[in-house]
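S.K.: I'd like to ask some things about the structure below.
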Amino acid sequence: MDTKISYAGMFRRDFASVIDCVLWVIIAFIILFFLYSLHHSSTSYNDADNTYKIVIRMTVFMVILPIYIIFNMLMTIRFGGTPGKLLCGIYIKDSNTFKNVTLKQAIRRYFFKDGMWTICNLLSYPLPDYVSGCFFIVLTSVLMFTIFDQHKQTFYDKIAKTVVVYYKPS
């Protein structure tokens, strides 16, 4: 039985990202629940509320986010994709050889993919709503170019020289 390689479209990639997001939200809530439980058992209620808000942001940006990025890079190098992508049957491959990506490619890809969203999220807190809305529009329009690209590559795929493929049995 032969397989036909086709490039994964934006909607299939988005669905895989939703699966990954749900997985990581569950993991983050479990971690934050334990931190919250430990913190509330050791301090008074009034002090805990203010400190807890700071602890959540620090935990997300200093613990959960780096673990998320490193896990995704290692999964992409070893298995060709994140759990969501693998469940959807799509794989991240080198654009020239269609083999698994190298460490250098994975670092480039996730730096531009996740780094871009992280920076925009951090900038959206102190800025007015209309500016953060403009960031969202620009980021979304950059990703929409995937629809018109021949190989359905996002800008971070082009930078890392990767493609996202879908194997169809024929």
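The values are calculated or read from the model by the stated rules, or taken from the named source; none is laboratory data. Nothing here was measured: the structure is a model prediction, and the numbers come from that model. Backbone-built Cβ (ideal geometry, glycine too); neighbour counts: all protein chains shown.
S.K.: Report the residue count in the stretch 12-57 for those that are modelled with pLDDT under 85, of a type outside the set (Phe, Trp, Tyr) and part of a helix (DSSP H, G or I).
M.R.: Qualifying residue count, the stretch 12-57: 21.
S.K.: Right, here's the next one. Does residue 113 qualify as being under 21 Å from residue 151 (Cα atoms), within 10 Å of the chain's Cα centre (by Cα) and surrounded by 14 or more Cβ atoms within 10 Å (Cβ to Cβ)?
M.R.: yes
S.K.: Residue by residue through the stretch 1-11, note down the ones that are within 17 Å of residue 93 (Cα to Cα) and not in a loop (DSSP other than H, G, I, E, B). Break it down stepwise before answering.
M.R.: Restricting attention to the stretch 1-11, the residues satisfying the condition of being within 17 Å of residue 93 (Cα to Cα) are 3-10.
Within the stretch 1-11, 3, 4, 5, 6, 7, 10 qualify.
S.K.: Could you tell me which residue of the stretch 141-155 is nearest to residue 94 (Cα to Cα), considering only residues that are modelled with pLDDT under 80, surrounded by 11 or more Cβ atoms within 10 Å (Cβ to Cβ) and within 19 Å of the chain's Cα centre (by Cα)?
M.R.: 146
S.K.: When both residues are 6+ apart or on different chains and their Cβ atoms are under 9 Å apart, which pairs have a first residue that lies in the stretch 105-132 and is farther than 30 Å from residue 95 by Cα and modelled with pLDDT under 80, and a second that is among the β-branched types (Val, Ile, Thr) and assigned to a helix (DSSP H, G or I)?
M.R.: What qualifies is 123/131; 124/131.
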